[in-house]
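These notes are about the structure you will find just below.
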Amino acid sequence: MTFELQSSTTAAAEQLHRKLAALGQDGYDLAACERYAAQIDEINRLKAERGAVVLAHNYQRPEIFEVADFIGDSLELARKAREVRGAEIIVFCGVHFMAETAKVFNPERMVLLPDRRAGCSLAESVTAEALAERKAELREIYPDLKVVSYVNCTADVKALSDACCTSANALKVAEAIDSEHVLFVPDQNLANYVQSQTRKQIISWDGNCYVHHQITPDEVNKVKRAIPGIKVLAHPECRTDVLRLADAVLSTSAMVRYAETSAADKFLVVTECGLSDRLLMEIPNKHFYKSCKLCRYMKMITLGGTLDSLRNLRFEIELPDDVRQGARRALERMLELGA
Ligand code: 13P
Ligand code: SF4
């Protein structure tokens with residue numbers, strides 16, 4: 001009798017292939033999964049050797065989830081970064097402002113972003129200079145004015161803010177901050193959503209997420225008509241006319257929890273497409289219809305890039321002390337107010 005010995009890498013590749021092919025997307029044939037399995041092995045070896053942890057945002061590629069120690073939304077990732085213990089290095093598979101937040105909480109650790117081009121259209125829409133100017137102008141009119149910045153902004157914008165917020169706690173923070181007038185930067189859609197839920201005056205900024213802002217009510221209505229009873233879950237970065245059609249307006253991780261616990265089994269997930277991958281992998285018995293909108297910044301992070309980042313220790317996030325301390329104050333305030 002002859003026995004065929006299968007190498008552990010081939011077995012891992014086949015297992016990965018079964019898992020990723022189930023997502024029904026191109027790019028996950030067996031050859032690609034063999035390459036990914038080898039990269040995953042090497043990343044895990046380097047993580048142990050260097051004492052590194054990998055934090056990944058919900059929008060990351062599914063193969064990135066395979067090397068992540070933690071996957072979450074911006075709020076969960078900020079909390080997790082604040083609690084990192086016993087690691088020398090944090091590799092952040094997400095976008096620049098998220099890696100900066102990890103650095104704010106970990107000045108003594110090396111924080112790496114695998115691709116330095118991984119920015120965010122929202123973060124680009126507000127500079128510290130423009131915010132300082134607008135804040136001074138508005139304080140003349142509203143002396144009690146407070147600035148709440150959505151975490152999708154740079155650390156120097158956070159440093160000029162009274163508190164930060166994420167999509168998971170924006171309303172709570174705006175309600176809890178001790179002012180009736182809140183300048184809310186930089187997402188106008190999130191600001192409008194908060195305004196629709198509070199009696200305070202929310203003054204918005206002219207910024208948006210290019211991914212969510214392009215989604216139209218027409219696209220949502222088409223799916224609602226085609227699939228009666230489908231539950232629509234929308235991210236608050238979507239336009240107001242899209243949010244009006246939603247059954248629930250939620251952060252990315254809150255969408256996962258909602259889909260898990262809801263009695264419904266069909267959902268239209270109105271946010272970046274990557275979240276549907278996480279939903280399909282974690283809740284295979286339900287049906288998810290997606291927006292097919294990809295964030296080009298999030299997708300700049302690849303498994304190969306993550307391996308290269310760990311191997312060559314790049315690209316390191318650095319922040320001046322005063323900016324780091326100012327941003328930390330605003331982030332800590334968010335955690336207090338949004339708790
Ligand atoms: P969440 O905080 O809901 O994960 O959103 C982050 C983000 O960038 C959405 O576009
Ligand atoms: Fe920024 Fe939008 Fe991409 Fe989120 S999805 S990182 S808000 S550009």
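Within the chain, the longest segment free of exposed loop sites, counting trypsin sites (Lys or Arg not before Pro) that fall outside DSSP classes H, G, I, E and B and have at most 10 other Cβ atoms within 10 Å, spans 200-339.
Helix 217-226 axis versus longest C-alpha principal axis of the chain: approximately 50°, rounded to the nearest ten. Summarising the label geometry, the points placed 7 Å from Cα in the beta-carbon direction at Gln197 and Phe70 lie 2.3 nm from one another. Pairwise Cα distances in the chain exceed 34 Å in 27 percent of cases.
Note on region 164-297: Rg/Rh from Cα positions, Kirkwood definition for Rh, rounded to two decimals, is 0.98. Tell me the chymotrypsin sites (Phe, Trp or Tyr not before Pro) within region 139-239 that lie in a loop according to DSSP and have at most 11 other beta-carbon atoms within 10 Å. Those that pass, being in a loop and sparsely packed, number zero.
Per-residue ellipticity at 222 nm computed for the chain from its helices equals -13500 deg cm²/dmol, with DSSP H segments shorter than 4 residues left out and the rest contributing -39,500 (n - 2.57). Of all lysines in the structure, the ones whose alpha carbon falls short of 22 Å from that of Lys103, not counting any fewer than 8 places away in one chain, are Lys47, Lys80, Lys158, Lys299. You can think of it this way: the chain between Ala11 and Glu83 has 22.4 nm of extra reach, that is 0.36 nm per residue less the Cα-Cα gap. Each Cα pair under 8 Å and six or more residues apart adds its separation to the average, and for the chain the resulting relative contact order is 21 percent. For region 265-339, the extents of the C-alpha atoms along the principal axes are 48, 39, 20 Å, listed from largest to smallest.
Here region 158-222 and region 227-304 have alpha carbon centers that stand 19 Å from each other. What is the list of residues in region 39-61 whose amide nitrogen lies under 16 Å from a point 7 angstrom out from the Cα of Leu313, following Cα to Cβ? Inside the label zone: 46-53. When each of Ser167, Ser253, Ser121 is scored by the number of other beta-carbon atoms lying within 10 Å, the sequence from fewest to most is Ser121, Ser253, Ser167. Projected label points at Leu138 and Ala38, each 7 Å from Cα along the beta carbon direction, are separated by 5.3 nanometres. Between Lys222 and Arg45, the modelled label-to-label distance comes to 4.8 nm, taking each label 7 Å out from Cα in the direction of the beta carbon. Taking each residue as 0.36 nm, the span from Ala264 to Cys292 lengthens on full extension beyond its C-alpha to C-alpha distance by 7.9 nm.
Of Thr154, Thr216, Thr306, which is the most mobile in a GNM of the chain whose springs link Cα atoms less than 10 angstrom apart? In the Gaussian network model the winner is Thr216.
No lab work stands behind these numbers, since they all come straight from the coordinates. Just so it is clear, the structure is predicted and the values come from calculations on it, not from any experiment. Glycine gets a Cβ as well: all are built from the backbone with ideal geometry, and neighbour counts include every protein chain shown.
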